[in-house]
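So the structure is just underneath, and the comments pick up after that.
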């Protein structure tokens, strides 16, 4: 895949977690994640631990430091089909233009700092040429030292 044709986010809106009820898929993802007193451990999340109905819409992202980058370790089949290519193995900064990446990066960094979920709506022009409106829930995951090491996110296409 040539990254000359990157995704373009036309609009990004931050939403309150109170609005999760309007998107049942994301409400289910939140309930799966929110089952203990602490953040789920990075190693607990795998294709076998995520409910089957959610898996096609899930992305697992690992955060590295020095420099901070976000690598996609798992990408659901539905999301890859909508995007027009395999997302797994790519860094998030390879997918978006610099302006849009700053928005995505800020979401991840805030999620890591606060250890709280982020919920947003994004209007995305995919590399397929299709516009997709996504509701995106980003959930932090901890590493062995207790610090946030990565994220599991779920994206529901609400205009399809």
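What is the gain in length, in nm to one decimal, between residue 43 and residue 10 on full extension, counting 0.36 nm per residue of separation less the C-alpha to C-alpha distance?
8.5 nm
Of the residues 70, 119, 48, which exhibits the maximal mean-square fluctuation in a Gaussian network model of the chain defined by a 10 Å Cα contact cut-off?
Among 70, 119, 48, the largest GNM mean-square fluctuation belongs to 48.
Residues of region 120-138 with backbone nitrogen within less than 17 Å of a virtual label 7 Å along the Cα-to-Cβ line of residue 68, please, listed as ranges.
Output list for this probe position: 138.
Under a no-solvent Debye model with one identical scatterer per Cα of the chain, what's log10 I(q)/I(0) at q = 0.10, 0.17 Å⁻¹?
So the normalised log intensities work out to -0.32, -1.01.
Over what distance in Å are the Cα centres of region 103-135 and region 6-33 separated?
So the separation of the two Cα centres works out to 9 Å.
Values in this text are rule-based calculations from the coordinates and carry no lab data. Predicted, not measured: the structure shown is a model, and the values here were computed from it. Cβ sites come from the backbone with ideal geometry, for glycine too, and all protein chains shown count toward neighbours.
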